[in-house]
Amino acid sequence: MNRPIDIDMKDIVKTYQMGSETMVTLKKVSLQVYRGEFMAIIGPSGSGKSTLMNIIGCLDMPTAGQYIIDGQDTNRMSGNRLAEIRNQKIGFIFQSFHLLSQLSSLENVELPLIYRGMPAKQRRGKAADVLAQMGLADKLHHKPKELSGGQQQRVAIARALVSEPSILLADEPTGALDTKTGKEVLAIFRDLHQKGHTIVLISHDPQVAESAESVIRITDGTITEERRGSRAI
């Protein structure tokens, strides 16, 4: 029996106007990500993977085609509804961590819950719990500059997890880390996958993709390879 589909993209096209020239970055890309699947999307710089990530994350809209996330058609959503999807259904993890330097680990992780209007005591307890799961129970009040790169990425993962999103979207999550720390972060993703999270990881590094259950290769705006693991469907 097939697993439910979290992400369903059909013939996605993305174009940009550069003066009088039309640049096509995605060319009728069709892609499905199943619930609980760990997928890596790989490709060189300029291949279109970042554009695809932005559309998956509802940060950008396709020029043509249909994108259904968790059973809902993004083409029919208002800007406010798209913002709700980003806040409630997707946890974002970036290469450069995107932590606010003036805030502590706890305060950074709390942010998505503040946007939801969760009471202070409840959100602080929840943020502390998720940081403890990341092995950072003793770093709650440390600011980013007081943490190593690996610890900062763990804070970023905790921030992505605290809202209990259905999808985790990671853009080059090991790109700013040394090899050893990068492997530790990938081990966290494998553990999250085992716990049932849907994960889409964007990377230019084929070795990073080895941690994933399924691999999609994108070249010049087109999917050129699709390899599915036995658990994917």
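Output the Kirkwood hydrodynamic radius of the stretch 113-188, Cα pairs only, in Å rounded to one decimal.
Values: mean 1/r = 0.0755 Å⁻¹.
Averaging 1/r across every pair of different Cα atoms and inverting gives 13.2 Å.
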(request) Compute the long axis of helix 179-194 from its Cα atoms, compare it with the longest principal axis of the Cα atoms of the chain, and write down the angle in degrees, 0 to 90, nearest 10. (result) 80 degrees
(message) Whole angstrom only: what separates the Cα centroid of the stretch 101-123 from the Cα centroid of the stretch 166-206?
(response) 23 Å
(request) Give the angle, between 0 and 90 degrees and rounded to the nearest 10, that separates the Cα long axis of helix 120-133 from the longest principal axis of the Cα atoms of the chain. (result) 80 degrees
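Step through the table entries Lys89/Lys143; Lys121/Lys143; Lys28/Lys49; Lys10/Lys49, compare each Cα-Cα distance with 24 Å, and write down the pairs that go over it.
Values: Lys89/Lys143 27 Å; Lys121/Lys143 20 Å; Lys28/Lys49 13 Å; Lys10/Lys49 16 Å.
Result: Lys89/Lys143 exceed 24 Å.
Quick one: dipole size for the chain, taken about the Cα centre, charges +1 on Lys/Arg Cβ and -1 on Asp/Glu Cβ, in debye to the nearest 20. Please report the intermediate quantities before stating the final value.
Details: 29 positive and 26 negative charges, 103 e Å.
Computed about the Cα centre, the dipole is about 500 debye.
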(message) Using protein chains only and a probe of 1.4 angstrom, how many square angstrom of Thr224 are accessible, to the nearest 10?
(response) 80 Å²
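Let me know the Kirkwood hydrodynamic radius for the stretch 11-118, please, with Cα pairs as the basis and the value in Å to one decimal.
Numbers: mean 1/r = 0.0623 Å⁻¹.
With all distinct Cα pairs of the stretch 11-118 included, I get 16.1 Å.
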(request) Compute the length gained on full extension between His141 and Lys10: take 0.36 nm times their separation in residues and subtract their Cα-Cα distance, giving the result in nm to one decimal. (result) 42.7 nm
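So what is the accessible area of the stretch 68-218 per residue, in Å², with the probe set to 1.4 Å? It would help to have the intermediate numbers written out before the result.
Numbers: 7060 Å² over 151 residues.
Accessible surface, normalised per residue, equals 47 Å².
How high is the relative contact order of the stretch 154-233, given as a whole-number percent (alpha carbon pairs under 8 Å, six or more residues apart)? Don't jump to the answer; show the numbers that get you there.
Numbers: 67 pairs, mean separation 19.4, N = 80.
Relative contact order of the stretch 154-233: 24 percent.
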(message) I'd like to know which of Ile167, Leu103, Gln153 lies farthest towards the positive end of the charge dipole of the stretch 64-174, counting +1 on Cβ of Lys and Arg and -1 on Cβ of Asp and Glu.
(response) Leu103
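The values are calculated or read from the model by the stated rules, or taken from the named source; none is laboratory data. This is a predicted model, so every value here is computed, not measured. When we count neighbours, we look across all protein chains shown, and the Cβ atoms used for this are built from the backbone with ideal geometry, even at glycine. Areas reflect the complete protein model, heavy atoms only, side chains present, ligands, DNA and RNA absent. Shrake-Rupley method; radii C 1.70, N 1.55, O 1.52, S 1.80 Å.
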